[in-house]
Amino acid sequence: MKLPQTHADAAAEFLKDTDRSHWHDDTLWHVRSKRDASAQKIPEWEQLRTLASQIKDHVLSNLDTLLLQFEKNAQANGIEVLWAKDAQEHNEHVLRILEENQVKQLVKSKSILTEECGLNHFLEDKGYDVVDTDLGERIIQFNKQVPSHIVMPAIHLKKKEIGDIFHKHLGTEAGSDDPQYLTEAARQHLRQKFIQAHAAITGVNFGIAETGGFVVCTNEGNADMGTHLADIHIACMGIEKLIPRAADLGVFLRLLARSATGQSITNYNSHFHRPRKDKKMYLILVDNGRTKQLGREDFRNSLKCIRCGACMNTCPIYRRSSGFSYNSTVPGPIGSILSPGMDLKKHSTLPFASTLCGSCSDVCPVKINIHEQLYKWRQVITKEGPSQPSKKWAMRFGGNVMSKPKLFDLMGKMARKSLSISPRGFVYNSFNAWGKHRELPEVPKESFKDWYKKNRNK
Amino acid sequence: MKVGLFIPCYVEQFYPNAAIASLQLLEKAGVTVEYPLEQTCCGQPMANSGYQQYGEGAAQLFRKNFEAYDYVVCPSGSCTLHAKEHILSDQEGGPKIYELCEFLTDVLQVKTLDASFPFRVGLHASCHGLRGLHLAKPSELMIPEFNKPLGLLEMVKDIDLVQLTRKDECCGFGGTFAVFEEAVSVDMGRDRIKDHEQQGVQVITGADMSCLMHLEGLLRREKKTIKVMHIAEILNGHTPEN
């Protein structure tokens, strides 16, 4: 099957299976509702959002000095700090660490950054077996897919499908889709992997400049299982994941889980400061386009994102098109303002996959003006992205008509006239996307302007 | 107080009743309103499609048409927001633009309406008015409840207002989105209609005719009996057409 190229095509494909698309929409709307109920209980919710946004403003304005402070403190704690300008450098650092320490088996907890860098494929090509230990990620790893959501990576799969995948890969009973039974099977399977692993890779939710420590949040405790059992801990962190002080952490932890799933707090918020005796801890700080985004005034505060996924759960388009339709590591509204900065051509349709309804901006715990940035990316894409001559011509023509009142009146009259006399098949032709499933408005006997001239402006 | 009425291009051409109702509502409230005849469009269709520069001619015309007024009133949250953010934003001392419901509520402080509407009504919260102009509390924000369009509808006698399951989900119109993302747009519209249907709604209303045009297009194609009416028509005492 040829992969659909635009978001619109991919979304249309997804919507063909109405049972699945409605189920997907309802499932994620349920998560959004849980978020509302949870946020509702915090009287100072809006204050927290403002505070979080301001802290991140401070971080982005002082990223250079904060990063150096973070590095210095981390090194003083005994963490080996590495810098990576892009995905390749990041992956090579990981490979070198594995080779130097003669690591054969490794486990990885959830990290969208390593997805962004394509780490799994890179290491698999070198002969490593990378085991994702987050349940959702393990499921899609078995299924040879990428995450369709940054918090719930396997949210596109139904219970029965997961039962089938586990039957194939873990030998569970055919046809069984009992969540407890399947989870137990995953638990037993992953225990073996944890025990065998020499190295554990984790992401980083928050790096704390003041202490040189970092925090990893998981609901399953899988980051802890991995890092506590392995000799080597490699933490991969985007440079924007910094906060200035340990005292700032509470603001973000209170917002993160409530925004993500409606939980009052993530089950495990694990603080890492230094390697245990005779063990090693590495921290890779990754740019991969972030400083470029920081330099774009209109788009810099997209880097405030704490990856809660609330904008996906609330987005009526994401819920009805699924994560894969975005064809980017981070899908949904936030992905649609981050991804064009990485590859404008590849992601040129994403900022248009929105009605600019603004729900994403209002739900965002760090107050990123997502929908305004979507609007701004559209302005950039029509100038620097792939050319769309017919759309451009239509818009220029429309703009011209709208700037000339007499021409506008004439065109309006002609449109109403031709709509009222044309045969139906002429109006509802294959080029009329509006009319595929919708009627055009009925033609009134006169325009408002005509009425006004007769009734008010004598 | 000099008030200029701005009527969105597609309303002027296809929904004159919504425009007439807006004008009459303001007149009934004792406001002297003028409709500058040289007006066309705010330029939003071009700008939201990424061609803000092609909407500049329309924007200039807008500024010229309304420069002599204290207030511009417009029966569309979306066009009002666009004009506010992109046309009048850098104009000091120029006219202030208000969406019709917020003008009636905040400036005229209307307390009573002479209208009756004995129908079961669902209020569609159009996004730009809701989240851009704050006509009501969006469900995402944890702030005190308020709802200007609903407050006005509650002044109408005999009206039966329903509670929707998803009270402020987008209908999927989104300007050119309706055409370029046709499949998602239609799916979103159908879901909104279903919500209203489940509440036994006879008339869907709202402060943006564009959303209603999209929903009406689906309702008429699917031969459903639910009607759409602009909120100004209900507030002005119109009845649904058959």
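Computed over the stretch B:127-176, the percent of Cα pairs more than 16 Å apart is 50.
Put in order of Cβ neighbour count within 10 Å, fewest first, the listed residues A:W451, A:W377, A:W393 become A:W393, A:W451, A:W377.
How high is the relative contact order of chain B, in percent, with contacts defined as C-alpha pairs under 8 Å that are six or more residues apart?
Once normalised by length, the contact order is 20 percent.
Counting Lys and Arg as +1 and Asp and Glu as -1 over every other residue whose Cβ lies under 11 Å from the Cβ of A:D86, the net charge comes to -1. The HN-Hα couplings worked out from phi for the stretch A:90-95 by the Karplus form 6.51 cos²θ - 1.76 cosθ + 1.60 (θ = phi - 60°) are 4, 5, 5, 4, 4, 4 Hz, whole numbers, x standing for Gly and Pro.
Approximating the spin labels as points 7 Å out from Cα along Cα→Cβ, the A:K413-to-A:Q263 distance works out to 6.7 nm.
What is the stretch A:406-455 by shape, rounded, prolate or oblate, if you read a ≥ b ≥ c off the alpha carbon gyration tensor as root eigenvalues and call it rounded for a/c under 1.5, prolate for a/b larger than b/c, and oblate otherwise?
Verdict is prolate for the stretch A:406-455.
Normalising the average separation of contacting C-alpha pairs (under 8 angstrom, six or more residues apart) by the number of residues puts the relative contact order of the stretch B:120-235 at 31 percent.
By the compact-protein rule of thumb, 2.2 N^0.38 Å, the alpha-carbon radius of gyration of chain A corresponds to a ratio of 1.13.
Projected onto its three principal axes, the C-alpha set of the stretch A:159-206 covers 38, 26, 16 Å, listed from the longest axis down.
Where both bridge residues fall in the protein assembly as shown, DSSP classifies roughly 15% of the beta bridges as antiparallel. The stretch between A:E446 and A:A174 holds 91.2 nm of extra length on full extension. This uses 0.36 nm per residue minus the Cα-Cα distance.
Electrostatic tally near A:K160: other residues with Cβ closer than 15 Å to its Cβ, Lys and Arg +1, Asp and Glu -1, net -3.
Estimated from the Cβ-Cβ distance and a Förster radius of 60 angstrom, the FRET efficiency linking B:M155 and A:D125 is about 0.30. Fewest-first ordering of B:T112, A:T50, A:T18 by other beta carbons within 10 Å of each residue's beta carbon gives B:T112, A:T18, A:T50.
Per residue of peptide A:308-319, the mean number of Cβ atoms on other chains within 10 Å of the residue Cβ is 3. Each other residue within a Cβ distance under 15 Å of B:P240 adds +1 if Lys or Arg and -1 if Asp or Glu, for a net charge of -2. Name the shape class, rounded, prolate or oblate, that the alpha-carbon gyration tensor gives for the stretch B:85-153, where a ≥ b ≥ c are the square roots of its eigenvalues, rounded holds for a/c under 1.5, and otherwise prolate holds if a/b is larger than b/c and oblate otherwise. Oblate, because a/c is 1.5 or more while a/b does not exceed b/c. When both the stretch A:396-458 and the stretch A:141-185 are represented by their alpha-carbon centers, they are found 53 Å apart. How far is helix A:63-76 tilted off the main Cα axis of chain A, in degrees rounded to 10, range 0 to 90? Relative to chain A, helix A:63-76 is tipped by roughly 20 degrees. Residues whose amide H lies under 5 Å from that of B:Y98, counting only those 5 or more places away or on a different chain, are B:V72, B:V73, B:C74; hydrogens are built 1.01 Å from N in the peptide plane.
Computed from phi, the 3J(HN,Hα) profile of the stretch A:201-215 under the Karplus parametrisation 6.51, -1.76, 1.60 (θ = phi - 60°) reads 9, 10, x, 9, 8, 9, x, 10, 4, 4, 10, x, x, 9, 10 Hz, with x in place of Gly and Pro. Highest mean first, the peptides B:28-36, B:72-80 sorted by other C-beta atoms within 10 Å per residue fall in the order B:72-80, B:28-36. Take each residue of peptide A:412-421, count the partner chain Cβ atoms within 10 Å of its Cβ, and average: the result is 1. Think of the stretch A:369-417 as having a plus end and a minus end, set by charges on the Cβ of Lys, Arg, Asp and Glu; of A:Q388, A:S403, A:Y375, A:S403 sits farthest toward the positive end of this dipole.
Scattering from the stretch A:64-131 was approximated by placing one identical point on each alpha carbon and applying the Debye formula without solvent; log10 I(q)/I(0) at 0.13, 0.14, 0.20, 0.26 1/Å stands at -0.44, -0.50, -0.93, -1.21. Estimated from helices alone, the mean residue ellipticity of the protein assembly as shown at 222 nm is -13500 deg cm²/dmol (sum of -39500 (n - 2.57) over DSSP H runs with n ≥ 4, per residue). The ranking of B:L25, A:L98, A:L410 from fewest to most other beta carbons within 10 Å of each one's beta carbon is A:L410, A:L98, B:L25.
Between rounded, prolate and oblate, where does the stretch A:233-312 land on the alpha carbon gyration tensor, with a ≥ b ≥ c its root eigenvalues, rounded for a/c under 1.5, else prolate if a/b exceeds b/c?
Judged from the Cα gyration tensor, the stretch A:233-312 comes out oblate (a/c at least 1.5, b/c at or above a/b).
Basic side chains Lys and Arg get +1 at the Cβ, acidic Asp and Glu get -1 at the Cβ, and with that the dipole of the stretch A:216-367 about its Cα centre reaches some 120 debye. The ratio of the alpha-carbon radius of gyration of the stretch B:3-107 to the globular-protein estimate 2.2 N^0.38 Å is 1.00.
Database note for chain A: Cys without another Cys beta carbon under 4.7 angstrom, A:C117, A:C217, A:C236, A:C305, A:C308, A:C315, A:C364. Evaluated at q = 0.15, 0.16, 0.23 Å⁻¹, a Debye calculation over the C-alpha positions of the stretch A:140-220 (equal weights, vacuum) places log10 I(q)/I(0) at -0.70, -0.78, -1.22.
At a Förster distance of 22 Å, what's the computed FRET efficiency of A:H58 paired with A:W83, Cβ-Cβ distance as r, to 0.05? Before the final figure, lay out the partial values.
Numbers: r = 22 Å, r/R0 = 1.00.
E between A:H58 and A:W83, to the nearest 0.05, is 0.50.
Mean partner shielding of peptide B:134-143, defined as the number of other chain Cβ atoms within 10 Å of each residue Cβ, is 5. Computed 3J(HN,Hα) for the stretch B:113-121, one whole-Hz value per residue from the Karplus formula 6.51 cos²θ - 1.76 cosθ + 1.60 where θ = phi - 60°, is 9, 9, 8, 10, 8, x, 9, 8, 10, glycine and proline marked x.
All of the numbers you see were taken from the coordinates with simple rules; none came from a lab. Quick caveat, the model's predicted, so the values are computed rather than measured. We place every Cβ from the backbone using ideal geometry, glycine too, and count neighbours over all the protein chains shown.
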